[in-house]
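Okay, so here's the structure we're looking at.
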Amino acid sequence: MSYFRGLRNHCAIAHCGRQGVASIVGNMKSVAARFSEHFDVIIVGGGPVGLMVACELALARVRVMVAERRYDTDQTIKAFGLHISTVEALRRRGLLPRVLEAQRLHTRNVLASLATRRRPLPPPDPAFANAAGHFAGLTIPRDQVEYGDPRFGGPDMPRDMLPLSQQTLERILAEHAVDLGVDLRRGAEPTDFTEDEDGVDVSLASGERLRCYWLVGADGGRSMVRGSAGFDFPGTDPEITGRQALAEFENPEVLRAGWNRTGTGFYVYTPLANRILTVEMDGPPDDRHSPITPSELQASLRRVSGTDITVASIETATRFTDNARQASTYVKGRVILAGDAAHVHSPFGGQGLNLGIGDAMNLGWKLAATVRGWAPSGLLDTYTRERHPVGAWVLDWTRAQIALMRLDPRTESLRRIMGDLLGTPDGATHMVTKLTGTSQRYDLPGDHPLVGRSAPDLDLAGGGRLDDVMRHGQAVLVGPATLASAAEGRRGRLIHAESSDGPALLVRPDGHVAWASDGDHDLKALEEGVSTWLGDPDQVEAGAHG
């Protein structure tokens, strides 16, 4: 079992004699009796973020278990849309065809549903149809965005956001995780854990006790893992009550499609999906998690819209606030946070799911390297160092939107000015690159403009593209054959992909560029980059351990 490999007691056995050997073996049996199973990593939470971390670990042959308390996927209305940074991550792991097929089926089902509707729909809002996104309900005109900007990742990438429900992405990732050998257990609810210098003991509600080297909390905004481990979680308190739902209406024609700001709040109506959202600026709800009834949704929508709208039925509904908090660090001892467990905020802009997938991609290979024993010193520390600023920016983005949604005259003046800026090519392009994550850049050593950014999907010599060789989660050195020697001695960690066109790149397993060169290649700087991120050459993996 992997846990005992981590004990490193071979030398002690060799020198302690027969009696000492008997004592050590007895202790090992005693430890084994306390736990039903041992894993390298246990992930609490089987949503998209937890599953993505699990898939990344499994690619590196790490023994990982995902504990999800629900038996079925949570059907509550959630995020709907994948940003370009997430699409890139899925493409690099070969999952984009599944995503596009799921999106195609969804579109077909929506069109089939429309054919059976008998009630009239409101007329389309041209501004809403032309929106590449929004900021505080101010639409960003798609026809003003300069999509030729290289930050958008090339012509084969989606222009702004790929429509896909969080539930569909979770299903795709769950299937992929099982294919990779992840132990995915539904109905398994961790209730407590204790940590020591060698690992973490996890207790389940069933009474079962598990052992792992590392525990990852991907269990949402009310994270048990974060609370039990004592992570700081500073932030700002909420000041709004939001409700969103998929609902049927008796008289939908009284509503206006798109974002609507009124004297009492906001409502957003998407007729084709029967999706409704209301925002009231009167403080947080008394009880955020009780079921939303049709009468509650109807009352909120009538207050905000000023219409006599009647809610016929609700398929799914939830409340939200603008509670904005972020853990001070994402790693504490042998406990790690990802996704909403590490940061919470309002859903405006659809940032949460995409931010969490970014966490998973950054964390997965670094934790795998630590478990496998080849991680350079301090590698896992870079997870917080790189991802914390991205999370802090998202909190700023969502807080600023709440400030711009207030209903006083001063805010109205500010909205008019902001609307003018969004209507310019520079303003629209800047906001969409921020919204979709394409402007994200980690602060890594090097002066080349690609360093720290998501790697472009370059053509490789002999056919194929960079993303094609990234499916197994290894780092890739792209460049002429003269650079191939830099990959020697790091088998399983780094592969060389020959290319004579474009820049030479050292691409980390998460797809971010760690070194780049356009002309005379600085081999010393390349070797420093390889050592910094991928460890020493000829370093033998010690097996899965912590």
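The values are calculated or read from the model by the stated rules, or taken from the named source; none is laboratory data. What you see is a predicted model, and the numbers here were worked out from it, not measured in a lab. Virtual Cβ from ideal backbone geometry, glycine too; neighbours counted across all protein chains shown. SASA here: full protein model, heavy atoms, side chains in, ligands and nucleic acids out. Shrake-Rupley method; radii C 1.70, N 1.55, O 1.52, S 1.80 Å.
Considering only protein heavy atoms, what per residue accessible area in square angstrom results for segment 155-234 with a 1.4 angstrom probe?
Per residue, segment 155-234 has an accessible area of 44 Å².
If Lys and Arg each add +1 and Asp and Glu each add -1, what is the summed charge of the other residues whose beta carbon sits under 12 Å from the beta carbon of residue 430?
Surrounding charge for residue 430 is -1.
Of 472, 176, which has the most accessible area and how do the rest follow, probe 1.4 Å?
Of 472, 176, the descending order of accessible area is 472, 176.
Sort all Cα-Cα distances of segment 416-470 into consecutive 5 angstrom bins from zero, then give the percent of pairs in each bin up to the one containing the longest distance.
Taking all Cα pairs of segment 416-470, the binned fractions are 4, 16, 14, 16, 17, 14, 10, 6, 3, 1, 0 percent.
Using only Cα atoms, figure out Rg for segment 390-515 and give it as a multiple of 2.2 N^0.38 Å.
Dividing the Cα radius of gyration by 2.2 N^0.38 Å gives 1.48.
For the chain, what's the relative contact order in percent, using C-alpha pairs closer than 8 Å and at least 6 residues apart?
About 19 percent, as a whole number.
What percentage of the solvent-accessible surface of the chain, computed with a 1.4 Å probe over protein heavy atoms, is contributed by carbon and sulfur atoms?
So the carbon and sulfur contribution to the accessible surface is 51 percent.
Remind me, relative contact order of segment 273-368 in percent, using alpha carbon pairs under 8 angstrom and six or more residues apart?
RCO, segment 273-368: 20 percent.
In what sequence, largest accessible area first, do 471, 416 appear using a 1.4 Å probe?
My answer, sorted largest first, is 416, 471.
Solvent-accessible area per residue for segment 259-384 at a 1.4 Å probe radius, Å²?
32 Å²
Please list 3J(HN,Hα) in residue order for segment 213-219, calculated via the Karplus relation 6.51 cos²θ - 1.76 cosθ + 1.60 where θ = phi - 60°; whole Hz, with x for glycine and proline.
Along segment 213-219, the couplings run 7, 9, 10, 10, x, 10, 9 Hz.
Kirkwood Rh, Cα Rg: Rg to Rh for the chain?
Ratio of gyration radius to Kirkwood radius for the chain: 1.00.
Looking at the chain, send over the antiparallel percent of its DSSP beta bridges, to the nearest 5.
Roughly 70 percent of the beta bridges in the chain run antiparallel, per DSSP.
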